[in-house]
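First comes the structure, then the notes that go with it.
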2 protein chains.
Amino acid sequence: MKVVRSITEMRAEVKQLRKQRSTIDHEATVGLVPTMGFLHDGHASLMQKATEMSDIVAISIFVNPIQFGPNEDFERYPRDEKRDLALAEKNGVDLVFMPSVEDMYPTPIKTHVTVADLTDTLCGASRPGHFDGVSTVVTKLFNIVKPDYAFFGTKDAQQVAVLRQMVTDLNMDIEIVPCPIVREQDGLALSSRNVYLSREEREQALVLSRSLHQVQQQMREQEEMTAGQVRAFLRTSIGQSDIAEIDYADILSFPRLESLAEDTLLATLDHEVIIALAVKFGRTRLIDNVILETKGVALHV
Amino acid sequence: MKVVRSITEMRAEVKQLRKQRSTIDHEATVGLVPTMGFLHDGHASLMQKATEMSDIVAISIFVNPIQFGPNEDFERYPRDEKRDLALAEKNGVDLVFMPSVEDMYPTPIKTHVTVADLTDTLCGASRPGHFDGVSTVVTKLFNIVKPDYAFFGTKDAQQVAVLRQMVTDLNMDIEIVPCPIVREQDGLALSSRNVYLSREEREQALVLSRSLHQVQQQMREQEEMTAGQVRAFLRTSIGQSDIAEIDYADILSFPRLESLAEDTLLATLDHEVIIALAVKFGRTRLIDNVILETKGVALHV
């Protein structure tokens, strides 16, 4: 495994590895796992998928300033390079790309990749500019690494939807591979931000996965359930934690992320839906979701 | 020369040609000339430059709807496929990519590549959304063709500045190669839109190149000339045509395209400047420009 810290060197390393691992009949493929570091088993599952699907596995570790709002946690976002490198090595990564902010943004960036509509709701509504920052940095990483596949966790389901739209619209020759959410044994979705939680908050945060679990159960039992009833159920369920502050608790079409009218009968829909939560526990905002057939059957997109 | 009409086929053709023309020591390079067709000698000069610099030359012919405003000339933009193909063939083109609008935009596009600041002035100010349309379609073409070089005429100097910014900001592994304006013998800059001009308008349109010529002469003679004096000179000079309607006649820094204060002494500047004109003759809007050292010496960027 090689650790690469400059853009120029990364281009050269990918090129060289591609050459080395290609044969006359088969051009070696590259899988990229873009991350912000402080890696956990969710990231490990992405790397494992990447090693299954590609001949060369690269991960990027870059806490991208332009996807954070002015009052968000860019400065205090957790970092642990040594542990990250150990985890990457263990999971069969060939190249770890760790550029500096100065290398990625040598001058203030004037160009942005923006995806309309899909970014108007959920985290896009709560975090203005966030997805522009994501799609822009992902485009940069794609142009540097030139992967055949890129792996993203569906904990950030909106991110997956946005990036798939981007890849399709801009004819990027890359397949976005979404990978299922990885959870702690007690249900908490893995996130680098879980480290922010106090013991009390960590316990209360279980209300997220529990609510998602219970609402699915309810949907299976109550065939005539409407979108409005799902929302009400979620608010009540999350309200059981007295420190949980709901940012959103919503059900939308997936992957189009279009709002569903309150009286929409879910069983009548012919497309998937996402139930998505963003909830603050103290200073820490956590997200979780499930993507479903409309009869309450969980899907791994 | 091969004419390719679908995105999938174009990817395959480029890949195959690259393979065919590469050797162990040298990977064949691809040069792309993006055009809207109705080709003229300006385009021919781009193709010639492309054949000099690259092993494989592709041109695209695509009248891109999303770079036209609602009251602009998308529908009546001139087209002549047969003549275009003959000119491409004559100039050593390997692949002509002519996608349909349906292939490029199968569903309404949600993703845009936008370049800030540089697009606020000149044609960007007169044609809102134009450059978003340009940078978006060029990104699509780049992702389909994956060229090493892309060739653009400096008649669209702002386009060159915008695309260079985009390529730098997004780490596209592509060199934008600007090529000098090609003119008729009497000075008129070549443009597919010249075909719109009546004989009278065609004659009056010479005021553009004449004004650019005269203002350079004036700058060489009058060392203390200010930006304001250049603007006044241009207005007077273009005013000599009684049908010319000025959209803009301006002098700005290049390639940053920052406005110069009226009292800026040009001789004191340490960067290049552009004198740029957009003028309507009847229904037809023409542009022309010259990029200069600040002492009135024309440069080919």
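Read-outs: derived from the displayed coordinates by stated rules, not from any lab. Please read these numbers as outputs of a predicted model, since none were measured by experiment. We place every Cβ from the backbone using ideal geometry, glycine too, and count neighbours over all the protein chains shown.
Charges at C-beta only: +1 for Lys and Arg, -1 for Asp and Glu. How large is the resulting dipole of region B:41-93 about its Cα centre, in Debye rounded to 20?
Once rounded to the nearest 20, the dipole reads 80 debye.
Other chains near A:108-120: what is the mean number of their Cβ atoms within 10 Å of each residue's Cβ?
6
For region A:100-112, just list the computed ³J(HN,Hα) in residue order, Karplus coefficients 6.51, -1.76 and 1.60, θ = phi - 60°, integers in Hz, with x standing in for Gly and Pro.
Ordered by residue, 3J(HN,Hα) equals 7, 4, 5, 6, 6, 10, x, 10, x, 6, 9, 9, 10 Hz.
Once you place label points 7 Å from the Cα toward the Cβ at B:Q217 and B:M53, how far apart are they in nm?
3.4 nm
Could you tell me which of B:S211, B:A12, A:I61 has its Cα farthest along the dipole of the protein assembly as shown towards the positive end, charges placed at Cβ (Lys, Arg +1; Asp, Glu -1), taken about the Cα centre?
The Cα lying farthest towards the positive end belongs to B:A12.
Hey, for B:R193 with labels 7 Å out along Cα-Cβ, what do the inter-copy distances come to in nm, ordered shortest first?
4.7
Using a Gaussian network for chain A with springs between C-alpha atoms less than 10 Å apart, which of these wobbles most: A:N64, A:N289, A:N143?
Most flexible of the set in this elastic network: A:N143.
For an R0 of 45 angstrom, estimate the FRET efficiency from the Cβ-Cβ distance between B:T23 and B:A125 and round to the nearest 0.05. Can you show the working numbers first?
Numbers: r = 49 Å, r/R0 = 1.08.
After rounding to 0.05, the efficiency reads 0.40.
When you have a sec, figure out the Kirkwood radius of the protein assembly as shown from all distinct Cα pair distances and drop it here in Å to one decimal?
26.9 Å
Spelling out what I want: for every residue of region A:39-54, take phi, set θ = phi - 60°, compute 6.51 cos²θ - 1.76 cosθ + 1.60 (Karplus), and round to whole Hz; glycine and proline get x.
5, 9, 5, x, 4, 4, 5, 5, 5, 5, 4, 4, 5, 5, 8, 10
What ranking do A:T139, A:T284 get, fewest neighbouring Cβ atoms within 10 angstrom at the top?
A:T284, A:T139
How much FRET efficiency would the formula 1/(1 + (r/R0)^6) give for B:L269 and B:E72, where r is the Cβ-Cβ distance and R0 is 30 Å, rounded to 0.05? All intermediate terms of the calculation are to be shown ahead of the outcome.
On the way: r = 34 Å, r/R0 = 1.13.
Efficiency computed from Cβ-Cβ geometry: 0.30.
When Lys and Arg each count +1 and Asp and Glu each count -1, what net charge do the other residues less than 15 Å away from A:V30, Cβ to Cβ, add up to?
Net of charged neighbours comes to 0.
How shielded is B:132-142 by partner chains, expressed as the average number of their Cβ atoms within 10 Å of its Cβ atoms?
Neighbouring Cβ atoms belonging to other protein chains average 2 per residue here.
Relative to the other copies, what are the label-point distances for A:D103, with labels 7 Å from Cα along the C-beta vector, expressed in nm at one decimal and sorted shortest first?
3.8
Explain nothing, just compute: Karplus ³J(HN,Hα) = 6.51 cos²θ - 1.76 cosθ + 1.60, θ = phi - 60°, for every residue of region A:260-270 in order, whole Hz, x for Gly and Pro.
In residue order, the calculated couplings are 9, 4, 3, 8, 4, 7, 4, 5, 8, 6, 10 Hz.
Please give the helix A:206-221 orientation as an angle from the longest Cα principal axis of chain A, in degrees from 0 to 90, rounded to the nearest 10.
The two axes meet at around 60 degrees.
According to a simple spin-label model (label point 7 Å from Cα along Cα-to-Cβ), what is the distance in nm between A:S100 and B:V3?
5.3 nm
Give the order of A:V113, B:V63 when sorted by the count of other beta carbons within 10 angstrom, beginning with the fewest.
Placing the least packed residue first, the sequence is B:V63, A:V113.
For chain B, what relative contact order do you get, as a whole percent, if you take Cα pairs closer than 8 Å and at least 6 residues apart? Provide the component values of the computation, followed by the final result.
Values: 539 pairs, mean separation 49.1, N = 301.
About 16 percent, as a whole number.
Pairs of alpha-carbon atoms within less than 8 angstrom and 6+ residues apart define the contacts here; what relative contact order does region A:176-295 have, in percent?
25 percent
Between the helical axis of A:81-90 and the dominant principal axis of chain A, each derived from Cα atoms, what acute angle in degrees is found, rounded to the nearest 10?
For helix A:81-90, the angle is close to 80 degrees.
Please report, in debye to the nearest 20, how large the charge dipole of region B:192-294 is about its Cα centre when each Lys and Arg carries +1 at its beta carbon and each Asp and Glu carries -1 there.
580 debye
Given +1 on the Cβ of Lys and Arg, -1 on the Cβ of Asp and Glu, and no further charges, what dipole in debye does the protein assembly as shown carry about its Cα centre, rounded to the nearest 20?
820 debye
Pairing the Cα long axis of helix B:7-21 with the longest principal axis of chain B, what angle in degrees results, from 0 to 90 and rounded to the nearest 10?
The helix B:7-21 is inclined about 80 degrees to chain B.
When B:H271, B:H43 are ordered from fewest to most other Cβ atoms inside 10 Å of their Cβ, what list results?
In order of increasing Cβ crowding within 10 Å: B:H271, B:H43.
Provide the packing ranking of B:227-236, A:184-193, B:29-38, i.e. peptides ordered by the mean count of other C-beta atoms within 10 Å per residue, highest first.
B:29-38, B:227-236, A:184-193
Give the nm distances, rounded to one decimal, from B:K19 to the matching residue in every other copy, measuring between label points 7 Å along Cα toward the beta carbon; shortest first.
From this label point to the equivalent ones elsewhere in the assembly: 1.9 nm.
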